[in-house]
Amino acid sequence: MFSPLHDQIDEAMREMRAKQEELAGAFDKLREVTATATSKDRAIQATVDSQGKLTELALTGKRWRDMAPKELGAKIVEVVTEAQDQAAAATGAAMAGFLPDGLDLDRLRESGPDLEAMFDDALKDEGTWRR
């Protein structure tokens, strides 16, 4: 006969395995994420992967040949940035169910974790951990 503690451990292990499978599926989806953006004049198209890395850049037609180098560079940066923003939104949506409540993924991407705020929150919650 198993004890209630053993049953609780078994249940926790089942939940953990289910969460691992769910997370593995989400990571599989992340690996497949790509995003493509096109300039308004359709002269430039950029594709990025789930990490925002440029995987393809296409310059179509002849209009781009008449652009000054600075203008062409600015348009390329604009289109790549748009594709990166789309990829970030797609990866954020795929991972949303796995993030702790209140975690702002966009803010985290921009500035990294706010360790000071994390420690402040942990200290505020200290009382809930003590018995």
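Derivation of every value follows stated rules applied to the coordinates shown; laboratory data play no part. Quick caveat: nothing in here was measured; it's all calculated off a predicted structure. Here Cβ is always computed from backbone atoms with ideal geometry, including for glycine, and neighbour counts include all displayed protein chains.
The table that follows gives values for the structure above.
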{"read-out": "Estimated FRET transfer efficiency (L30, S3; beta-carbon r; R0 25 Å; 0.05)", "value": "0.05"}
{"read-out": "Under the Karplus curve 6.51 cos²θ - 1.76 cosθ + 1.60, θ = phi - 60°, whole-Hz ³J(HN,Hα) for segment 17-25, x wherever Gly or Pro sits", "value": "5, 5, 5, 4, 5, 4, 5, 4, x"}
{"read-out": "J(HN,Hα) series, segment 37-47, from Karplus relation 6.51 cos²θ - 1.76 cosθ + 1.60, nearest Hz, glycine and proline x", "value": "10, 10, 5, 4, 8, 6, 7, 10, 9, 10, 10"}
{"read-out": "Rounded to the nearest 20 debye, dipole of segment 33-101 from Cβ charges on Lys, Arg, Asp, Glu", "value": "400"}
{"read-out": "Extension gain from M13 to A68, taking 0.36 nm per residue of separation minus the Cα-Cα distance", "value": "13.7 nm"}
{"read-out": "Per-residue HN-Hα couplings for segment 69-83 [Karplus 6.51, -1.76, 1.60; θ = phi - 60°; Hz; x = Gly/Pro]", "value": "x, 5, 5, 4, x, 5, 5, 4, 4, 4, 5, 5, 4, 4, 5"}
{"read-out": "Computed over segment 33-101: relative contact order in percent, which uses C-alpha pairs under 8 Å that are six or more apart", "value": "36"}
{"read-out": "Farthest positive-ward along segment 33-101 dipole, Cα basis, beta-carbon charges - from V48, A35, W64", "value": "W64"}
{"read-out": "Inter-centroid distance (Cα atoms) of segment 68-98 relative to segment 1-28, Å", "value": "37"}
{"read-out": "Label-point separation, D85 to Q51 (7 Å along Cα→Cβ), nm", "value": "2.4"}
{"read-out": "Long-range amide H partners of S50 with built H, under 5 Å", "value": "V33"}
